[in-house]
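Single-structure report; data block below.
The values are calculated or read from the model by the stated rules, or taken from the named source; none is laboratory data. Everything numeric in this text was worked out from a predicted model, so none of it was measured. A quick note on method: Cβ atoms are made from the backbone with ideal geometry, for glycine too, and the neighbour counts reach across all protein chains shown.
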Amino acid sequence: MAEYLARMKKMRLLYLMLLFPLAQVFVFHYMPLPGIVIAFKEYHAGLGIRPSQWNQFEHFRTLFHDSLFIRALKNTIVISGLKLIFGFAVPIAFALLLNEIKPQRFKKLTQSVSYLPHFMSWVILSGMIVEVLSPQRGIINYAISLFGGNPINFLANKTAFVPILIVSDIWKEAGWASIIYLAAISSISPDLYEASNVDGASRLQKMRHITLPGLMPVVTILFILQIGQILNGGFDQVLNLYNPLVYAVGDIIDTYVYRVGLVEFRMDYATAVGLLKNVVGVVLLVGTNTIVRKFNDHGVW
């Protein structure tokens with residue numbers, strides 16, 4: 001115990017810095033928790049939470065008969081599933097390729113450029129995407145017109161909208177997500193690579209038989225966490241890019257909750273939807289971790 005306290009005293013500035021994110025989590029994630037009770041009430045802002053009458057789980061019965069919620073649920077699963085399928089592998093592949101770059105200056109430059117989109121908000125990135133895809137000003141439609149085609153309004157096209165979400169999400173997050181894989185690669189023993197050089201292994205063979213197996217514990221943990229987030233379709237991204245013409249394929253649970261709760265002011269019903277989403281996320285997280293733990297020891301806990 002004394003050793004632990006001495007270590008804390010030595011790193012007191014780091015613990016002080018940790019207080020700020022902890023305070024943010026407490027204020028924005030834990031303090032609002034008592035408000036969940038309105039999901040089980042007919043909430044009236046004028047009355048307040050306590051005087052509002054209990055609704056006997058009416059909101060939960062309603063949402064399963066709400067066609068707009070069913071549509072949002074379906075869209076969320078499709079969009080999140082495609083992001084998981086295509087977006088999860090890209091940072092791994094990118095980290096593997098970066099690890100093979102020998103010139104350090106070029107490697108650092110590539111990393112810096114790939115990280116940049118992560119630090120830009122979806123408001124800015126969405127504006128860039130809108131300009132690039134604009135039927136009047138966009139460079140893509142300019143190229144289409146140059147070859148004799150007709151301009152396409154991609155963001156109003158139901159077929160094109162979901163692929164735009166997937167590609168733009170990968171562009172924004174792949175570089176940043178590769179950091180943890182690069183850190184895991186750096187922890188692999190250099191002796192393994194030296195032994196493989198003696199055996200005459202090629203770069204591809206070293207990547208397949210040394211680097212990838214060394215990444216598997218981290219890959220497994222991040223995959224489990226991603227499964228738990230499957231019902232988070234990317235609120236900021238979708239809200240800034242979608243429009244009524246693509247609601248049929250682009251409206252997700254988070255944007256549905258936003259419209260119902262803050263636009264229609266049905267805060268009790270929106271809370272019920274949000275609560276259900278989070279309960280399902282916890283069940284998926286625990287279930288996936290339990291399944292993975294049966295096959296190996298690389299679970300979250």
Take segment 232-258 and flag every residue that is surrounded by fewer than 19 Cβ atoms within 10 Å (Cβ to Cβ) and either under 14 Å from the mean Cα position of the chain (by Cα) or closer than 19 Å to P117 by Cβ (or both).
N232, F235, D236, L239, N240
Condition broken by I85, with the remaining ones in (1) buried (at least 18 other Cβ atoms within 10 Å of the Cβ); (2) under 24 Å from the mean Cα position of the chain (by Cα); (3) not aromatic (F, W, Y) satisfied:
(1)
Residues that are of a type in the set (V, I, T), closer than 28 Å to P163 by Cα and surrounded by 17 or more Cβ atoms within 10 Å (Cβ to Cβ), drawn from segment 259-282:
V260, V273
Lone unmet requirement of (1) more than 20 Å from the chain's Cα centre (by Cα); (2) modelled with pLDDT under 90; (3) surrounded by 14 or more Cβ atoms within 10 Å (Cβ to Cβ) for L133
(2)
Flagged in segment 171-200 as within 16 Å of L98 (Cβ to Cβ) and either among the polar types (S, T, N, Q) or touching a strand residue (DSSP E or B) at 6+ places or on another chain (Cβ under 7 Å) (or both), in numbering order, are S178, S186, S187
Does S187 qualify as being surrounded by fewer than 18 Cβ atoms within 10 Å (Cβ to Cβ), of a type in the set (S, T, Y), farther than 23 Å from V113 by Cβ and under 27 Å from the mean Cα position of the chain (by Cα)?
yes
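For segment 52-129, which helices (runs of 4 or more DSSP H) that fit wholly inside it have 3 or more residues that are farther than 28 Å from A39 by Cβ and in contact with a Pro (Cβ under 8 Å, 6 or more places away or on another chain)?
none
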When only residues in segment 244-296 that are of a type in the set (S, T, N, Q) and modelled with pLDDT under 90 count, which is farthest from P32 (Cα to Cα)?
N296
Six or more apart or on different chains, Cβ under 7 Å: which pairs go from a residue in segment 1-26 that's without any contact (Cβ under 8 Å) to a residue 40 or more places away in the chain to one that's of a type in the set (A, V, I, L, M) and part of a helix (DSSP H, G or I)? Could you list them?
Y15/M8
Residues that are within 30 Å of S126 (Cβ to Cβ) and touching a residue at least 24 places away in the same chain (Cβ under 8 Å): find the helices (runs of 4 or more DSSP H) completely inside segment 159-231 holding 2 or more of those.
212-228
Whether any residue in segment 143-155 is part of a helix (DSSP H, G or I), at pLDDT 90 or above, exposed (fewer than 13 other Cβ atoms within 10 Å of the Cβ) and over 24 Å from the mean Cα position of the chain (by Cα) is what I want to check.
yes
Flag if V273 is in contact with a Leu (Cβ under 7 Å, 6 or more places away or on another chain), farther than 18 Å from G81 by Cα and not aromatic (F, W, Y):
yes
